[in-house]
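Read the structure below first, then the notes.
The values are calculated or read from the model by the stated rules, or taken from the named source; none is laboratory data. As the structure is a computational prediction, the values presented were derived from the model and not from experiment. FYI the Cβ positions are ideal-geometry reconstructions off the backbone, even for glycines, and counts take in every protein chain you see. With ligands, DNA and RNA removed, areas are computed over all heavy atoms of the protein, side chains included. Shrake-Rupley method; radii C 1.70, N 1.55, O 1.52, S 1.80 Å.
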Amino acid sequence: MQIVVFGSGAWGTALSLLLHGNGHHVTLWTRRAEKAALLRSRRKNPSLAGVQLPQELEFTADPAAAEQAELVVFVTPSYALRQTAELATPYIRPGTMIVSATKGLEPETNLRMSQIISQTVGKNCPVAVLSGPSHAEEVSRRMATGCVAACQDMETAELVQGVFMSEMFRVYTSQDVAGVELCGATKNIVALGCGIIDGLALGDNARALFMTRALSEISGLCKKSGADPVTCYGLAGMGDLIVTCTSTHSRNYRAGLFIGKGAPAEQALQEIGAVVEGYYAAGSIRELAAKLGAEMPICQCIYDILYEAADPEASLRALMTRVGKSEIIF
């Protein structure tokens, strides 16, 4: 299959390697011509230290590469997705299958990534999403990973499953696109919080409490959004939450760690030196929750720390003194 991957960061590169290993002809698009030339000559991406890129993997900065694509994969940061989709749209043929592997919501519109693609590309192109606990560093090294391919059309979800699945990359299917995407966006906020907790040395109990109650919040948001709350307890929800909240591969966790140790949010973002999706998602999820009437005190707490310069330890401890409630509310 002819596949074009838009987005040459760590995740886009890792997925390109996966797809190439599955026998597909893959072209990796990057925004800058000089980066495409560098990737082509050096066969290495600084975002994936120590990983060799095969000679057969092609690189380009020309969006016209999408003209021959049977499958287009978008793997840009969330804030750049609309612009990238607009660049690619003139060259995408009607009916071409599209996969979004980007996690987040668009600022101001609060649209999910698949909604942006459908709105921008159109052309009767089926859009699926790929999400789950999947650090690029491990996928690029063929370490065991599991993800979910979600599309309202199950036939498309199964096609995507077949394209991406390998002996080390297991893919499950789902029709709950909204649930999978909301989980993928919100878990980054929670990972920031877990980094803050560890930076403050508040302990394992606090981190477990934080993650579990955050999962309950995400479930409530999904329900208010018309998604299936059960999705939160699968790979796109609990699975991705665990890996993002506990691994030093996670930029969101590491940014939170800096904040917990006393760095202002802006400094923490600079220290990471790459996109921290949870920072952007905190504002979008807060707005969406307010619009839907979803109670999300944990996400509000992280928003206050990031955007209102609230004291991290005082904010987290304030969560402990909220009015008591039942754990399980249906």
Could you give me the residue pairs with C-beta distances under 6 Å whose first residue belongs to the range 190-218 and is polar (S, T, N, Q), whose second residue is open to solvent by 30 Å² or more (accessible area, probe 1.4 Å) wherever it lies, and which are 6+ apart or on separate chains?
none
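Please report, ordered by residue number, the helices (runs of 4 or more DSSP H) entirely within the range 248-330 with at least 2 residues that are surrounded by 23 or more Cβ atoms within 10 Å (Cβ to Cβ). Outline the logic, then answer.
Details: elements: 251-260, 265-272, 277-292, 297-307, 312-320.
Once the helices (runs of 4 or more DSSP H) in the range 248-330 are filtered for at least 2 residues that are surrounded by 23 or more Cβ atoms within 10 Å (Cβ to Cβ), what remains is 251-260, 277-292, 297-307.
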Long-range neighbours under 9 Å by Cβ, at least six apart or interchain, first residue free of Cβ contacts under 8 Å to residues at least 12 places away in the same chain within the range 34-56, second of a type in the set (Lys, Arg) and open to solvent by less than 80 Å² (accessible area, probe 1.4 Å)
52/43
Among the numbered conditions (1) open to solvent by less than 40 Å² (accessible area, probe 1.4 Å); (2) under 21 Å from residue 241 (Cβ atoms), tell me where residue 92 comes up short.
(2)
Just checking, does the range 144-162 include any residue being outside any strand (DSSP E or B), within 24 Å of residue 221 (Cα to Cα) and touching a Gly at 6+ places or on another chain (Cβ under 9 Å)?
no
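Are any residues in the range 168-196 among the small types (Gly, Ala, Ser), assigned to a helix (DSSP H, G or I) and open to solvent by 10 Å² or more (accessible area, probe 1.4 Å), and if so, which ones? Before you say what the answer is, go through the steps one by one.
Pass one, the range 168-196, residues among the small types (Gly, Ala, Ser): 174, 178-179, 184-185, 191, 193, 195.
Adding the requirement that they be assigned to a helix (DSSP H, G or I) leaves 178-179, 184-185, 191, 193, 195.
If the condition is that a residue be among the small types (Gly, Ala, Ser), assigned to a helix (DSSP H, G or I) and open to solvent by 10 Å² or more (accessible area, probe 1.4 Å), then 178 is the only one that fits.
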Let me confirm something: among 84, 76, which residue is crowded, with 17+ Cβ neighbours inside 10 Å and in a loop (DSSP other than H, G, I, E, B)?
76
Determine the pairs where a residue that is of a type in the set (Asp, Glu), located within the range 303-326, has a partner that is in a loop (DSSP other than H, G, I, E, B) and surrounded by 11 or more Cβ atoms within 10 Å (Cβ to Cβ) with Cβ atoms under 6 Å apart, the partner being 6 or more residues away or on another chain.
304/310; 313/200
Per-region count, the range 110-120, residues touching a helix residue (DSSP H, G or I) at 6+ places or on another chain (Cβ under 6 Å), open to solvent by 10 Å² or more (accessible area, probe 1.4 Å) and not hydroxyl-bearing (Ser, Thr, Tyr):
2
Is it true that residue 300 is farther than 22 Å from residue 110 by Cα and polar (S, T, N, Q)?
no
